[in-house]
Amino acid sequence: MKTLAQSITANAGSTHQGSINTQWYLYLIENKLGQLYTGITTEPKRRIAQHRGELKGGAKALKGKSPLVFRAVFKVANKSEASKLEYAVKKMSRLQKDNIINKGQLNELPCIKSQFDM
């Protein structure tokens, strides 16, 4: 039977080391049909490449709906906050999402989309 100290040591290799300092982003993507998709990621450029089918791992909801373009990207404090914001944005109406895009601001967060335009 493992002691508590052995369990902690054994699990140390499988923890998300460095994840405390990982930067998270919330993004809104528009597809060729004009629909908005909201998601979170640690790497916006990689994520949109996945959604476009350039890399493995894109969302099924976006398959075959290219071209895909970022409409907004926001830097978020951590994964927990990103997830909470994602949930809130997904519940918003299209008009509310368009207002976020047009204002370039979500709550107090400024849009940083220009850093990820490709």
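The values are calculated or read from the model by the stated rules, or taken from the named source; none is laboratory data. Remember, predicted model here, so these are calculated numbers, not experimental data. Glycine gets a Cβ as well: all are built from the backbone with ideal geometry, and neighbour counts include every protein chain shown.
Tabulated values for the structure
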quantity	calculated
Some residue of the stretch 61-68 being out of contact with any Leu (no Cβ under 7 Å at 6 or more places or on another chain), among the hydroxyl-bearing types (Ser, Thr, Tyr) and assigned to a loop (DSSP other than H, G, I, E, B)	yes
Pairs where the first residue, in the stretch 54-72, is over 18 Å from LEU28 (Cβ atoms) and the second is surrounded by 11 or more Cβ atoms within 10 Å (Cβ to Cβ) and modelled with pLDDT of 90 or more, C-beta under 6 Å, 6+ apart	LEU55/ALA49; GLY57/GLN50
Hits in the stretch 87-100 - residues which are touching a residue at least 60 places away in the same chain (Cβ under 8 Å) and closer than 29 Å to ASN21 by Cβ	VAL89, ILE100
Condition check for LYS84: within 13 Å of TRP24 (Cα to Cα), in contact (Cβ under 8 Å) with a residue 60 or more places away in the chain and within 14 Å of the chain's Cα centre (by Cα)	no
Selection within the stretch 87-118 - under 20 Å from ALA77 (Cα atoms), touching a helix residue (DSSP H, G or I) at 6+ places or on another chain (Cβ under 9 Å) and of a type in the set (S, T, N, Q)	ASN107, GLN115
